[in-house]
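Step one of this worksheet: look at the structure below.
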Amino acid sequence: MTTRDSTAPSARPALPRHRLRFDTADMYEAGHGVTAKELAGLQPELARVHAVVQEKSRAGLDAEFACLALPTHMPAGLPAIEQAAADVRHFRDIVVAGIGGSSLGAKAVYHALREVNPSAEQPALHFLENIDPYHLQFLLARLKPESTAVIAISKSGGTIETVVQYLALREWLENCLGPVEARKHQWIVTDPKQGWMRELAAREHLPALPLPPKVGGRYSVLTAVGLLPLAAVGVDVRALLDGAADNAARCATDDPKVNPALELAALHYLLDTRHGKRISIMMPYADPLLQFVNWYCQLWAESLGKRVPGAEPAGTLPVRAMGSVDQHSQLQMYLESRPDKMFTFIALDRWEDDRPVALPETERHTFPYLAGKRLSEVLDAEFRATREVITRARHPNVTLHLPALDAHVLGQLIDLYQRVTVYCGLLYGVNPLDQPAVELGKQLTLRFLNERGKPGA
Ligand code: PA5
């Protein structure tokens, strides 16, 4: 997968039209990149981590890496999710209470697809994420309780931000509609057996969907966590799972020339550990993908930023950027500051909604190069220019080409990055599924809340 755009199309490996394409050429030695020898030297490790992934996802949803079995096992759970979604869909607005992995995945897919396909007939999703009083107030002032549903999502069922968000929404519904009617506006997604939310749902007879116990927050977008809100607003969740399954099938080998997740993991790992590339910038040239980058940053940071006993800590710092906006902001730093960065560009091959540059005849002589161009062509020129500048400065970079922005493509992207992250965790020798620092933050928040208001505090 080392093609470069300048390669004649006929020389590129033929891929089905809907598949992601990767240009990894500029991650290799042409710049400060990985050498063929380094990649070959890592092959036994790649074979090992691939075997671990296969082994630990074989038992499906009961496996340790159940998240990687979701593309093939979740379709069986879809009827229950679609049934709940059909009920939620009657509301005009749906507020998701949740944070981190319980919010970012659905938000990423929703924003990517809604901006491409805005539909006045489908309900709108709103993500609270934080417990900012201004944002909550601003949102509630715009919503009508009689046409608003709430989906509270928490794997543990007790994350303090989500509890506080949910209680505020529930009080708002109850005050406006009364407790009996308010209950008909609420859905819960949580662990099938434990946690405050599961217990509340049982006590108050609230509809509550489970997520597989082995699937952790940031890997849960392909469970009811992401699929319920997305199906409720008309996203083709079957296509999302199909896309993920398509990518999973592509990653079934330990040959990094064929398995894109393994190649990307190897390149990120080698660039960090052998070439000092400690910062990993993801820069899409499509506004609808900004929330996808947020999802990726959380997945990457929480999974890989970890201590390794007796060795260098693991993980590269994931950084969000946006093309072409950050060409006018971050690019100077990327180019001339320390050469400790690698780049992932995301470019869109096909735009559903494009328009010509509105160049009047009178201005043609000033901007002759804009004549007959569409907006996407200008954006593409910006992208290619930035990538060229970065490459000339010898910064390793990879480009992901998306054939379109649809559910199938997003499913591929989600499965791809979940796999890259798990492979990288295994290469570094850390557990990509836990988050000890986040847990410590949760515990300390509780301690400070308990202390406040106590005499002498
Ligand atoms: O990935 C994770 O585990 C975290 O980001 C969680 O998703 C986040 O802390 C929210 O946790 P929960 O889903 O238990 O409310």
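The values are calculated or read from the model by the stated rules, or taken from the named source; none is laboratory data. Just so it is clear, the model here is predicted, and its values are computed rather than measured. Heads up, the Cβs are rebuilt from the backbone with ideal geometry, glycines too, and the neighbour counts pull from every protein chain shown. When the accessible area is computed, the model is the full protein with side chains, heavy atoms only, and any ligands, DNA or RNA have been set aside. Shrake-Rupley method; radii C 1.70, N 1.55, O 1.52, S 1.80 Å.
A few comments on the model shown:
- Cα long-axis angle, helix 104-114 against the chain (0 to 90 degrees, to the nearest 10): 70 degrees
- DSSP bridge analysis restricted to the chain gives an antiparallel fraction near 10%, rounded to the nearest 5.
- Computed from Cα positions, the angle between helix 375-392 and the longest principal axis of the chain comes to roughly 60 degrees.
- Proximal lysines to Lys144, defined as alpha-carbon separation beneath 16 angstrom and excluding residues fewer than eight positions away on the same chain: Lys184
- Here the range 66-235 is treated as an ellipsoid with the same Cα gyration tensor; its semi-axes, largest first and in whole Å, are 22, 19, 15.
- Cα-Cα over 19 Å, subset of Lys37/Lys257; Lys193/Lys306; Lys155/Lys214; Lys56/Lys214; Lys193/Lys442: Lys193/Lys306; Lys193/Lys442
- Charge-dipole axis of the chain as Lys and Arg at +1 and Asp and Glu at -1 on Cβ define it, positive-most pick from Gln298, His205, Leu271: Leu271
- What the Cβ-Cβ distance of Arg203 and Arg48 gives, at R0 = 51 Å and to the nearest 0.05, is a FRET efficiency of 0.60.
- For the range 66-235, carbon and sulfur atoms together expose 55% of the accessible surface, with a 1.4 angstrom probe and every protein chain in place.
- If R0 is taken as 30 Å, the Cβ-Cβ distance between Glu171 and Asn117 corresponds to a FRET efficiency of 0.30.
- Here each label is just a point 7 Å from Cα along the line to Cβ, and for Glu336 and Glu377 those points are 3.3 nm apart.
- Think of a 1.4 Å ball rolled over the protein heavy atoms: the chain then has 45 Å² of accessible area per residue.
- Working note: Karplus 6.51/-1.76/1.60 with θ = phi - 60° gives the range 89-95 the couplings 4, 6, 8, 7, 10, 10, 9 Hz, where Gly and Pro are set to x.
- Summed side-chain charge close to Pro145 - residues other than Pro145 whose Cβ falls under 10 Å, Lys, Arg +1, Asp, Glu -1: -3
- Contact order for the chain, expressed relative to its length and based on alpha carbon pairs under 8 Å spaced 6+ residues apart, stands at 22 percent.
- Taking a quarter of the surface of the Cα convex hull of the chain gives a mean projected area of 26.1 nm².
- Calculated from backbone phi, Karplus (6.51, -1.76, 1.60) coupling profile of the range 433-440 in Hz, x at Gly/Pro: 9, 9, 7, x, 5, 5, 4, 4
- Only helices enter this figure: runs of n ≥ 4 DSSP H residues, each worth -39500 (n - 2.57), summed and divided by the residues of the chain, yield -14500 deg cm²/dmol at 222 nm to the nearest 500.
- Those aspartates and glutamates that a straight Cα-Cα span of less than 12 Å connects to Lys277, excepting residues fewer than 8 apart in one chain: Asp340
- Assigned charges on the beta-carbon of Lys, Arg, Asp, Glu; the range 66-235 dipole about Cα centre (debye): 300 debye
- Sequence-distant residues sharing a close amide H with His126 (under 5 Å, placed H): Ile94, Val95, Val96
- Helix axis angle, 290-304 relative to the chain longest principal axis, alpha carbon, degrees: 90 degrees
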